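Accompanying notes for the structure given below.
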Amino acid sequence: MATIAPVTGLDGDVPISAIDVSDATFYANDSWRPVFARLRAEAPVHHQANSPFGPFWSVSSHADIMAVEARPDIFSSSHEFGGITVVDLFGEYNLPQFIAMDRPRHSDQRRVVAPAFGPSEIARMAIEVRSRTRELVDALPIGETFDWVDRVSIELTTGMLAILFGYPWEKRRDLTLWSDWGGDIEAALNPATKDIRQQHLIDMTHALDALMAERKAKPPSGDLISAMAHSDAMGDMPFQERTGNYILLIVGGNDTTRNSMSGMVEAFNRYDGEWEKLEADHSLIPNAISETLRWQTPLAHMRRTANQDSEIAGHAVKAGDKLVLWYISGNRDESVFPDAERFDIARANARRHLSFGFGVHRCVGARLAELQIAVLMEELLARKLFPRQVGEAEYVAQCFVHGFRKLPVVLERR
Ligand code: HEM
């Protein structure tokens, strides 16, 4: 990994006002833990006056994050205020998508997409996920170093998305490319890359529009594109809104699950004995998935904007103020998760993690994500294989998508 300059905020003598947790270096060099511990202890609701993203409130405790998410009528998700991440996107860069809408449009569009993640669809997809995962795991080299991110995490989640969309299998890496650009908020902020990013999003819309037209001409087929094509709420969206919703589903389905699959490897490697617990008792798998999601936190934050003067935990918040909800910090809150840094697959309340958010926008794809991770764990256990981390991880340098660029492993037979 390239050497990255240290950032301020880790020492007690640095004033809290000088700490900016949106600084990408905290994530690039995996040094975010102590700085959020300080925020939770000293200023769980903290006003960040200056940042490259402008001023914002940092909400870093579990209870305060839930309190904000529980009041969607005041703390808006609407793209009209700049969107759902710390970066303000306006004009042509501002994409309407249902994660960035409030009631009633949010509920109308969510209702179209939700059935694609219902129990019968999940059961149908489970069969494909199982066979693709088996095929992939069987093809992995044993005893040889390879990059888990590329060979496993990206491949499995991109494949899943191709299944969900009914996207041509041989072109599935298009989805990875669009996902990487779409989820990259540093690229969206940087004048040198924001137009390149925008062009990728336009290319994506053209490609998926062609599929949408194809599905519209046929009876409903159960995949996500078909569900949108045949719905009133999403069958005839303007260009920007189509782009917004396509990229939502792609980033939602790809970057996130991908990073939890890599986080799973990092966590089991850091904490000796946890994989052995799983080997001894497979009924721990569902809880191990929740604990992986808590411990890794694939999306570091979501953002809301106050649409009226209000307050959070005694702090006066003005209409127009931006609130950044740091899930990555709420998931380390010791008042909810004792010994929170520890990865413990038997943790009693691991399911209280905030990685899928909370309230009306809680992740619609949560069950699909859990299914993919479960199948991966099961197939590794069935073959008595363990991915041993053999070198330093390389992390994504930004404060929204929290994840891995590279993770060298060797598969060990046990
Ligand atoms: C480990 C994997 C995943 C994580 C950590 C994750 C995380 C999240 C989070 C934090 C939110 C916003 C919640 C809020 O604002 O309260 C969200 C919403 C959403 N996710 Fe996921 N997600 C994952 C997997 C997926 C998958 C597989 C899909 C399917 C394509 C998906 C699609 C969506 C959509 C469409 C929304 C918007 C829901 C709404 O606004 O009502 N996600 N997800």
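Here are the numbers for the structure shown:
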read-out	value
Simple Cβ-charge dipole of segment 276-414, Lys/Arg +1 and Asp/Glu -1, about Cα centre, in debye nearest 20	340
For the chain, accessible area per residue (1.4 Å probe, heavy atoms of protein chains only), Å²	39
Hz values of 3J(HN,Hα) by residue in segment 112-125 - Karplus curve (6.51, -1.76, 1.60), Gly and Pro given as x	6, 7, 3, x, 5, 10, x, x, 6, 5, 4, 5, 5, 5
Built amide H within the under 5 Å cut-off of residue 405, gap 5+	394, 395, 396
Mean Cα-pair separation over length for the chain, i.e. relative contact order, pairs under 8 Å, 6 or more apart, %	25
With every protein chain in place, the chain: carbon and sulfur % of accessible area (1.4 Å)	55
Computed E for residue 272/residue 47 - FRET, C-beta separation, R0 45 angstrom, nearest 0.05	0.65
GluC sites (Glu not before Pro) within segment 274-321: DSSP coil, no more than 13 neighbouring Cβ in 10 Å	none
Largest-first ellipsoid semi-axes for segment 252-364, taking √(5λ) over the Cα gyration tensor eigenvalues, angstrom	31, 15, 11
Selection from 356, 245, 284, by position along the positive dipole direction of the chain (Cβ)	284
In nm, spacing of pseudo-spin labels at residue 218 and residue 138 (7 Å Cα→C-beta vector)	2.7
Under the Karplus curve 6.51 cos²θ - 1.76 cosθ + 1.60, θ = phi - 60°, whole-Hz ³J(HN,Hα) for segment 162-177, x wherever Gly or Pro sits	4, 5, 4, 8, x, 8, x, 4, 5, 9, 4, 5, 3, 5, 5, 4
Dipole in debye (nearest 20) - segment 75-219, about Cα centre, beta carbon charges: Lys, Arg +1; Asp, Glu -1	720
Sequence-distant residues sharing a close amide H with residue 57 (under 5 Å, placed H)	48, 322, 323, 324
Cα convex hull of segment 170-220 - mean projected area over all directions, nm²	4.2
Nearest-20 debye value, the chain charge dipole, Cβ charges on Lys, Arg, Asp, Glu	860
Loop GluC sites (Glu not before Pro), segment 98-137 (other Cβ atoms within 10 Å of the site Cβ: 15 or fewer; DSSP)	none
Compactness of segment 317-414 as Cα Rg over 2.2 N^0.38 Å, two decimals	1.36
Total lysine pairs whose alpha carbons fall under 30 Å of each other in the chain (8 or more apart, or interchain)	10
For segment 48-55, 3J(HN,Hα) per residue [Karplus equation, 6.51 cos²θ - 1.76 cosθ + 1.60, θ = phi - 60°, Hz, x = Gly/Pro]	8, 6, 10, 7, x, 9, x, x
Amide hydrogen neighbours beyond the local backbone of residue 301, cut-off 5 Å, H modeled	327
Relative pair counts by distance (%), Cα atoms of segment 132-289, 5 Å bins	1, 8, 14, 17, 17, 13, 11, 9, 6, 3, 0
Cα-Cα P(r), the chain, percent of pairs per 10 Å interval	5, 22, 33, 27, 12, 1, 0
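The values are calculated or read from the model by the stated rules, or taken from the named source; none is laboratory data. Bear in mind the structure is a predicted one, so any value in this text is a computation, not a measurement. Because the Cβ atoms are built from the backbone with ideal geometry, glycine has one as well, and the counts that use them run over all protein chains shown. Side chains are part of the model used for accessible areas, which takes the heavy atoms of the whole protein and leaves out ligands, DNA and RNA. Shrake-Rupley method; radii C 1.70, N 1.55, O 1.52, S 1.80 Å.
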